[in-house]
Amino acid sequence: MQEYLTLLSNGWLQLALTVVISYLLGSVSFSIIITRIVNNHADIRTMGSGNAGFTNVLRSVGKGPAVFTIVFDFLKGVISVIIGWLLFASIATVDGGEVLQSEIISYGKFIAGMCCMLGHIYPIYFGFRGGKGVVTVAAMLAVADWRIFLAVLLTFGIIFLITKTISKASVLSAILMPIYTFCITYFLDYLPSLSGTDGSHTIVYPVVATVCMALVGLIVVLKHKENIKRILNGTEKKITAKK
């Protein structure tokens, strides 16, 4: 515990910068900006499902704006996580302690990604009414842990191919995400470190990573509550092969 208190003492500035920068970057809602540019200042939140996200842009505005939306939303997530990575890498480790550089950097990535997601969902520039954070979460996973990203991406792809419904794929992927996170960080990171000489991960790492992804998954599911209602009553729209 002392090592973590020292970490907080040494890295409070990096933590604050990561939180603020990532949230502000996440608040740049490209679905709103791009729709305003290409559709005569229209607000995507008054169109279609009312969600400021890729799927609604695809249905309400068109394929071109949707592509730009998903690309830029993904990039802001990647940039945020890289910023958290670099800032937390500058925090001094505790000599002989259990808080190790690899864990510190991982925490920075997860914190940055979560704050970027919150900015995307509750953007300060647009009245705190944003999207659902799915693309931003994907970007966080792609940089924070590519193994979790591939597991979630594969799950999303299989469910979407079967159901042709993005919301179903998003919700089920969000539910499975903390399970994937625990299995990967515990069995592939923590357990091997017990028999190794570098001690690259402590038990704290899979716990923190799993809790973070459980919170992220819960937020994603809650943001899809209207979609879940439509799924249950059979009115949720599917994405056609043409789209």
If we scan the stretch 188-205, do we find a residue that is surrounded by 14 or more Cβ atoms within 10 Å (Cβ to Cβ), farther than 27 Å from V57 by Cβ, in contact (Cβ under 8 Å) with a residue 12 or more places away in the chain and within 20 Å of the chain's Cα centre (by Cα)?
-> yes
Within the stretch 212-225, identify whether any single residue is basic (K, R) and not in a helix (DSSP H, G or I), and answer yes or no.
-> no
For the stretch 13-93, which fully contained helices (runs of 4 or more DSSP H) count at least 1 residues that are aromatic (F, W, Y) and surrounded by fewer than 21 Cβ atoms within 10 Å (Cβ to Cβ)?
-> 63-89
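Computed from the coordinates by the stated procedures, all read-outs in this text should not be read as laboratory data. Quick caveat: nothing in here was measured; it's all calculated off a predicted structure. Backbone-built Cβ (ideal geometry, glycine too); neighbour counts: all protein chains shown.
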